[in-house]
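Take a look at the structure set out below.
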Protein chains: 2
Amino acid sequence: MSKERILWMATRNKNKYSEAKNILSSMGVTLKILEVNRVEVQADDLKEIASYSLRNLESESRPIIVEDAGLFIDGLNGFPGPYSSYVLRTIGLEGVLKLMKNVENREAKFKSAVAYKFRDQSTCFLGVVEGEISTEIRGSQGFGYDPIFIPGEGGGRTFGEMSPEEKNALSHRARAFRKLGEWLLTRN
Amino acid sequence: MSKERILWMATRNKNKYSEAKNILSSMGVTLKILEVNRVEVQADDLKEIASYSLRNLESESRPIIVEDAGLFIDGLNGFPGPYSSYVLRTIGLEGVLKLMKNVENREAKFKSAVAYKFRDQSTCFLGVVEGEISTEIRGSQGFGYDPIFIPGEGGGRTFGEMSPEEKNALSHRARAFRKLGEWLLTRN
């Protein structure tokens, strides 16, 4: 395995790290965790947030990645979007379901942006999964908004009702990290 | 008037600029507008957001300020707080009132943090006004959350039902900018 097949993910979110590690592992890429604080800017575009974080991390002699994810609900003009974790900490899943009462369009997208940098090379990959917001909290697996997000191809179950393997077959995070993995494997 | 009695405010929000200009003008300080984009970080503390923006502005040979403001609703664990403008753009005042349905504690705080820098000197002032969230949108003056915020000392009216002068006698922004003005005037 070449040196470049080992990546460091700058995050304090063990759930995200664990998912990403499993996805990359199946592609022969080893993911390690770098527990540092990262600067997050306010922006509507997740790629901009992830890339900014990465640019502001100390330049290291090893490949580093940063991921930023969010749930974008069509009927709420994209809310909570880039501020998904803040919204979860304050109004919570119950608050989001309250906002969705009497909202007909329940379509939503889960997005994940993974920014990569090594030496003078940097790039960013976006993964998206379409689905809808459930009318109640369902399931206790996963984390974050998983118990209220029903992916389009998941047989009507929420991510919270799926095993990690099932979620990783469909999720926004898996899509972004698989793009990264494929890109890494085709490079010299 | 000494050179230091002229300040530049980095903002694209004309409403904020106009309020700040009026407050400082009454203290003999001239406020000019610097229409530049500023970097806003994600943080729970407005002082941190304003100070970060200021640090990341090009170093100038003149005194610059940045203001960051937000509405913190007790019954919603501080939501929308630092993301007040994003929340307004997405779920709007109606969304916030929907979240407040059946919430007994309607207490809230409007906060404003003003960060100042000139040469090697920097400081930050916080202004806070306590009040509560109205049950409906009232008044068409002011901007942002003014039509749903009833300050404690405003006779039961929302900021949206007050003239600019009345709002400036009570507001979070006025309190922060008056602190800045007093500090400037006592310096040499």
Q) Is there a residue in the stretch B:118-125 that is open to solvent by less than 10 Å² (accessible area, probe 1.4 Å) and not hydrophobic (A, V, I, L, M, F, W, C)? A) no
Q: Sort out which residues of the stretch A:21-41 are open to solvent by less than 40 Å² (accessible area, probe 1.4 Å) and assigned to a strand (DSSP E or B), and write them in order of number.
A: A:31, A:34, A:41
(Q) Test of understanding: among A:148, A:91, A:133, which residue is open to solvent by less than 10 Å² (accessible area, probe 1.4 Å) and within 14 Å of chain B (Cβ to nearest Cβ)? (A) A:133
**Q.** Which numbered condition residue B:44 misses (of (1) more than 9 Å from chain A (Cβ to nearest Cβ); (2) surrounded by fewer than 16 Cβ atoms within 10 Å (Cβ to Cβ))
**A.** (1)
Q. When you go through (1) open to solvent by 50 Å² or more (accessible area, probe 1.4 Å); (2) not in a helix (DSSP H, G or I) one by one for residue A:18, which number turns out not to apply?
A. (2)
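Can you give me the ranges of the strands (runs of 3 or more DSSP E) entirely in the stretch A:48-157 with at least 3 residues that are of a type in the set (Lys, Arg)?
A:107-118
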Q: Report the residue count in the stretch B:21-73 for those that are touching a Pro at 6+ places or on another chain (Cβ under 8 Å) and polar (S, T, N, Q).
A: 2
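Given the criteria within 12 Å of chain A (Cβ to nearest Cβ), open to solvent by less than 70 Å² (accessible area, probe 1.4 Å), aliphatic (A, V, I, L, M) and touching a helix residue (DSSP H, G or I) at 6+ places or on another chain (Cβ under 7 Å), does residue B:49 qualify?
Here the answer is no, as residue B:49 does not meet what is asked.
How many residues are part of a loop (DSSP other than H, G, I, E, B) and of a type outside the set (D, E, K, R) when one looks only at the stretch B:158-188? Let's see the steps before the verdict.
From the stretch B:158-188, those part of a loop (DSSP other than H, G, I, E, B) are B:158, B:162-163, B:171, B:187-188; that's our starting set.
Going one step further and asking which of them are of a type outside the set (D, E, K, R), we end up with B:158, B:162-163, B:171, B:188.
Number satisfying all stated conditions: 5.
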Q. Of the residues that make up the stretch A:69-88, is at least one closer than 20 Å to residue A:129 by Cα, free of Cβ contacts under 8 Å to residues at least 12 places away in the same chain and open to solvent by 10 Å² or more (accessible area, probe 1.4 Å)?
A. yes
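The values are calculated or read from the model by the stated rules, or taken from the named source; none is laboratory data. Just so you know, these numbers come straight off a predicted model, no measurement behind them. Quick reminder, even Gly has a Cβ in these numbers, built from the backbone with ideal geometry, and neighbours come from all protein chains shown. To get the accessible areas, we keep the full protein, side chains included, count just its heavy atoms, and leave off ligands, DNA and RNA. Shrake-Rupley method; radii C 1.70, N 1.55, O 1.52, S 1.80 Å.
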